[in-house]
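First the structure, in the form of C-alpha cells, and then the observations on it.
Since every read-out is calculated from the coordinates, none of them should be taken as a lab result. Not measured: the values here are computed from a predicted model. Cβ atoms come from the backbone with ideal geometry, glycine included; neighbour counts cover every protein chain shown.
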Amino acid sequence: MGHETLRRGLVGDEVRDISPAEMKVMKKMLARAMKEGALGFSTGLVYTHAKLASSREIAELAEIVKKYDGVYTTHIRGEGHELIRAIEEAIRIAEETGVRLQISHLKVMGEKNWNLMEEALNFIETARTSGINVHFDVYPYTATGSVLYILLPDWATEGGRDMMLSRLRDSDTRQRIIKEMRENEIDYSKIIISISALDKTLNHKKISEIAEIQGKSVEDAIIDLLIASEGRVITIMEVLSEKNVDKGVVNPFSIISSNGSGYDIAHKKTGELVHPRNFGSFPRVFANYVKKRGVVGWEEAVHKMSGLPAEKFKIEKRGIIAKGNYADIVVLNPDSVCDVATIENPYKYSQGMEWVIVNGKPAIKNGIITNSQSGEVLKRKSSLFEF
C-alpha cells in the first residue's frame with residue numbers, strides 16, 4: 001500500500017500536515033489493506049506530495065505494518081548530500097516500531113557525493129548487528145530515471161506541483177532557483193529527456209542540447225520545460241558511480257532489483273525513451289557482474305534476485321527450487337545470457353533466457369515468448385491472529 005495513495009486519497013494535491021482525524025482514517029485504510037493481503041507499506045519521501053510528511057506520520061503507519069508482520073519499503077528523502085540523514089530516519093523508524101525495513105534502490109547521486117556510499121553501507125550493517133531487520137535493493141546501472149523537478153532546490157518544490165510552478169513563474173524566485181542550481185555543479189550533458197507529454201521531439205535529447213538549440217542557459221531551459229509541461233517530465237541521468245553499484249551488489253544485505261516496469265517492444269511506437277533496466281536488469285547482472293567482472297558469483301546473484309526477496313517479504317513457497325514449492329524456474333544459457341537494451345535503444349529483449357516457467361507453465365519456451373498468463377497476484381498470507 002502506497003503512502004501517497006493513502007495521503008492523496010484524503011487531501012488531494014494539498015501538501016500539509018495530516019490531522020489526527022485524517023491519520024485515524026489512514027491507519028484504518030492501511031490495516032484493511034494488510035488484512036486483504038498487502039505485503040507492506042511503501043513511501044516515496046523524495047517526491048513533492050510526501051516531502052513534508054513527518055517521521056512521526058510514517059512511524060505511526062509503520063506500527064500498523066508491524067502488527068501484520070509486513071515490510072516497510074522506502075524511497076528515502078534524499079540520495080545526494082542528504083543521504084546519511086535520510087537513511088538514519090528510515091532506520092530510526094524501524095528501530096522504534098520493530099518493522100522490517102527495505103530501503104528501495106540505494107544509490108548516491110552526483111559525483112561529489114559518491115564518497116557517502118561507504119558510510120551508508122556501514123550504517124546499514126551497524127543497524128543489522130543491533131538487531132534491526134534492514135535490507136536494501138540495487139539495480140545494475142549507473143544511470144537513474146527520475147522526474148525533472150528533482151534538479152530544483154528542495155524548497156522550490158515544497159507544497160506540491162501548483163506551488164512549484166508558481167515559484168518558477170515568479171521572476172525573482174526564478175533567479176534565486178537558477179543561482180542555487182548553478183551552485184550544484186550538475187553535469188547536464190549526462191541528463192536525457194525520457195518522457196515528456198509536452199513535445200515528443202524532446203525525447204532522446206540531452207538537456208544541454210535543448211538549451212543550446214533554444215539559445216538559453218541550461219537552468220532556464222529546465223525551468224521553461226517544467227512550466228510548459230506542468231512539471232510532468234521524466235529524465236534518465238548518468239549520475240551514479242560504477243564502484244558504488246558494485247559495492248551495493250556484493251553487500252550481503254542487498255537484493256538485486258530492476259526498479260523497472262513491464263513493457264514489450266511495441267511500446268517503442270509511443271516515442272517514450274524508457275530506462276533499459278525495464279528489459280535487461282537481471283541478464284545484465286549475469287553478463288556483466290558475474291561473467292565479465294566476477295563481482296558476484298552465480299549462486300549468490302540468483303539468491304539475491306529470488307530467494308532473498310521471497311524470504312524478506314515472506315512470500316511462501318517461492319524464490320527457491322524445492323519440493324512443494326511453486327514451479328517458478330528460469331533455465332538460462334550461461335555462455336550466451338546477456339542484456340541487449342541500451343539507453344539509446346532500450347526496446348530489446350535479453351538473450352540466453354531459454355525457458356521461463358511460471359507456476360509450472362512456460363512463459364518462454366526455447367527462447368520464444370508463449371504469451372502464457374499463468375502468473376498470480378502475490379499476497380501476504382494472513383496470520384492466524386489478526387490485530
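Counting other C-beta atoms within 10 Å, and keeping those with at most 12, which DSSP coil GluC sites (Glu not before Pro) do you find in region 113-193? Please list the in-between numbers first.
Details: sites: Glu118, Glu119, Glu125, Glu158, Glu180, Glu183, Glu185; in loops: Glu158, Glu185.
Answer by residue number: Glu185.
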Fill in the blank from the handout: Looking only at aspartates and glutamates whose Cα falls under 14 Å of Lys317's and that sit 8 or more positions away or on another chain, we get Asp328, Glu376
Exercise for the section: Summarise the long-distance tail of P(r) for region 1-70 by giving the % of C-alpha pairs beyond 18 Å. Expected result: 29 percent
Handout entry: Partner aspartates and glutamates for Lys107 [C-alpha distance under 14 Å; skip if fewer than 8 residues away on the same chain]
Key = Glu79, Glu82, Glu118, Glu119, Asp137, Glu238, Glu242, Asp246
Handout entry: Between region 167-182 and region 283-302, the alpha-carbon center distance in angstrom
Key = 45 Å
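Does the chain come out rounded, prolate or oblate, given a ≥ b ≥ c as the square roots of the eigenvalues of its C-alpha gyration tensor, rounded meaning a/c under 1.5 and, failing that, prolate meaning a/b above b/c? Write out the running numbers ahead of the final one.
Details: a/c = 1.64, a/b = 1.16, b/c = 1.41.
In terms of gyration-tensor shape, oblate.
Based on the inverse mean of 1/r over its pairs of different Cα atoms, what is the Kirkwood hydrodynamic radius of region 69-125, in Å? Let's see the in-between values first.
Working: mean 1/r = 0.0860 Å⁻¹.
In region 69-125 this quantity evaluates to 11.6 Å.
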Practice task
Add +1 for every Lys or Arg and -1 for every Asp or Glu among the other residues with Cβ under 9 Å from the Cβ of Ala143, and state the total.
Solution key: +1
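Quick one: which of Lys206/Lys292; Lys269/Lys348; Lys205/Lys348 span more than 22 angstrom between C-alpha atoms?
Working: Lys206/Lys292 30 Å; Lys269/Lys348 13 Å; Lys205/Lys348 20 Å.
Over 22 Å Cα-Cα: Lys206/Lys292.
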Exercise for the section: Taking the Cβ of Arg293 as the centre, find all other residues whose Cβ is under 15 Å away and add up their charges (Lys, Arg: +1; Asp, Glu: -1). Expected result: +1
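Using a cut-off of 10 Å between beta-carbons, work out the net charge of the residues near Met237 (Lys and Arg +1, Asp and Glu -1, Met237 not included). Write down the numbers at each step before the final one.
Numbers: positive: Lys190; negative: Asp187, Glu238.
Net charge around Met237: -1.
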Exercise for the section: Tabulate in residue order the Karplus-calculated ³J(HN,Hα) for region 230-238, using 6.51 cos²θ - 1.76 cosθ + 1.60 with θ = phi - 60°, rounded to whole Hz; enter x for Gly and Pro. Expected result: 6, x, 9, 9, 10, 10, 10, 10, 8
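From the C-alpha coordinates alone, can you work out the Kirkwood hydrodynamic radius of region 146-238, in Å? Walk me through the numbers before you get to the answer.
On the way: mean 1/r = 0.0763 Å⁻¹.
This gives a value of 13.1 Å.
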Exercise for the section: Calculate, in nm to one decimal, what Asp335 and Tyr263 gain on full extension: separation in residues at 0.36 nm each, minus their alpha carbon distance. Expected result: 23.3 nm
Fill in the blank from the handout: For Ile255, other-chain or 5+-apart residues with amide H closer than 5 Å (H placed, Pro excluded) are Phe136, Asp137, Val138
Practice task
Give, to the nearest whole percent, the P(r) tail of region 29-185 beyond 18 angstrom, counting all Cα pairs.
Solution key: 63 percent
